[in-house]
Amino acid sequence: MNKLIQILLFGIFSSNYLQSEIVLDRFTEDKYKPIVFLGIGGNFGHNADEFIKLYELGFGGNKQEFSNTPNFSIQFKTWLSQKMRTGVSLNYSKIEYFDEFWTVGRYITRNHTNELSFKRLPIIIKFEFIPYDKQFRSYAGVGFGAMLQQIKWHETIRSTFELDKRRSATHFDEFEVSPCVNIYSGLELGFDEYPESYFLGSLIFEIDYSYFPKKIDIFRKARQVLDVPNSALNKEVSIFENYFSFTVGISFNLLNITK
């Protein structure tokens, strides 16, 4: 009887051990496969106070704020070790400014419409640390890269004086590249106990801070069309040189498409 009990206990232990080994093998096999993260979010904390101040000084506008579209993100990540990953991210956003106002002179009344747009695409190489690696995991990292940016500023003039020297013009239309530094932290909520084992991986929340150290001579052409140019417009300015972003998205395990 004792031998039968011993055999039964040994069988149960062996079964559980083999099952855990199978799960471990599956986890080890899938663990280091690359993932893609697709997300959407928003930027906040960005400002263009210096530009607005000079714009009002030179042009007399009255709009104080920019509007921005949602931030679309795609990230590719792969494992370096059990607690380290590396990857690359692309985040597209568009920031816009629209201002319409009137100026009245002795013989001329003008309607001014100013439209600015900043289309931004930071490309960042990231290195991140995962201190807690379970179905629900947190991570933090740092990134370095470049921001590609298309800036366009167009002013439309409608004047009561046909011979008015002020005409509609594009004051700035250039493609800019600037360095970028990024720090971030996130939380992954896996849909399965082993998120890497299936094509659909995790629900992810991520917050990051980005810094773009570059100044732009955005008034270079604009100051030349003014009736009375202001010398303060001769300086380069920083526009949206830093801001925070919050992103929500889902990760996909590329090599587990059939699962």
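Amide H contacts for N242 (H built 1.01 Å from N in the peptide plane; partners 5 or more residues away or on another chain; cut-off under 5 Å): N47, F212. On the principal axes of its alpha carbon atoms, the chain extends 115, 27, 25 Å, with the longest extent given first. The length gained by stretching the chain between L254 and V225 to full extension, at 0.36 nm per residue less their Cα-Cα distance, is 5.0 nm. Rg and Dmax, both from the Cα atoms of the range 43-132 and both in Å, are 21.0, 74. Using a simple spin-label model with pseudo-atoms 7 Å out from Cα toward Cβ, F44 and F127 lie 3.1 nm apart.
For a paramagnetic label modelled on E100 (point 7 Å from Cα along Cα→Cβ), amide N atoms under 16 Å away belong, within the range 51-78, to 61-64. As I understand it, the value is the acute angle between the Cα axis of helix 2-31 and the longest principal axis of the Cα atoms of the chain; what does it come to in degrees, rounded to 10? On a 0 to 90 degree scale, this one is about 20. Candidates Y211, G141, T103 compared by Cα position along the dipole of the chain: farthest toward the positive end lies T103, with charges placed on Cβ. Annotation: average projected area of the range 145-251 is 10.5 square nanometres, based on the convex hull of Cα atoms across all directions. Checking the table K119/K165; K77/K215; K33/K119; K126/K235; K33/K126 against a 23 Å threshold on Cα-Cα, which pairs fail? Correct reply: K119/K165; K77/K215; K33/K119; K126/K235. Working from Cα positions, state the angle (0 to 90°, nearest 10) between the long axis of helix 49-59 and the longest principal axis of the chain. The two axes meet at around 20 degrees. Helix-only arithmetic for the chain: the sum of -39500 (n - 2.57) across DSSP H runs with n ≥ 4, divided by the residue total, places the mean residue ellipticity at 222 nm at -5500 deg cm²/dmol. Counting neighbouring beta carbons within 10 Å and listing from fewest to most, the residues E176, E162, E236 come out as E162, E236, E176.
Considering only F129, L57, S202, the residue lying farthest towards the positive end of the dipole of the chain is L57, judged by Cα position with unit charges set on Cβ. Please report the spacing between the Cα centers of the range 170-197 and the range 210-259 in Å, no decimals. The range 170-197 and the range 210-259 have Cα centres separated by 15 Å. The ranking of Y209, Y55 from fewest to most other beta carbons within 10 Å of each one's beta carbon is Y209, Y55. Ordering Y107, Y211 by the number of other Cβ atoms within 10 Å of each residue's own Cβ, fewest first, gives Y107, Y211. Extension gain for Q150 to E65 (0.36 nm times residue separation, less C-alpha to C-alpha distance): 28.7 nm.
Taken together, the values in this text are just the output of simple stated rules run on the coordinates, not laboratory data. Note that the structure is predicted; figures quoted are calculated from it, not measured. Cβ: placed from backbone, ideal geometry, glycine included. Neighbour counts: every protein chain shown.
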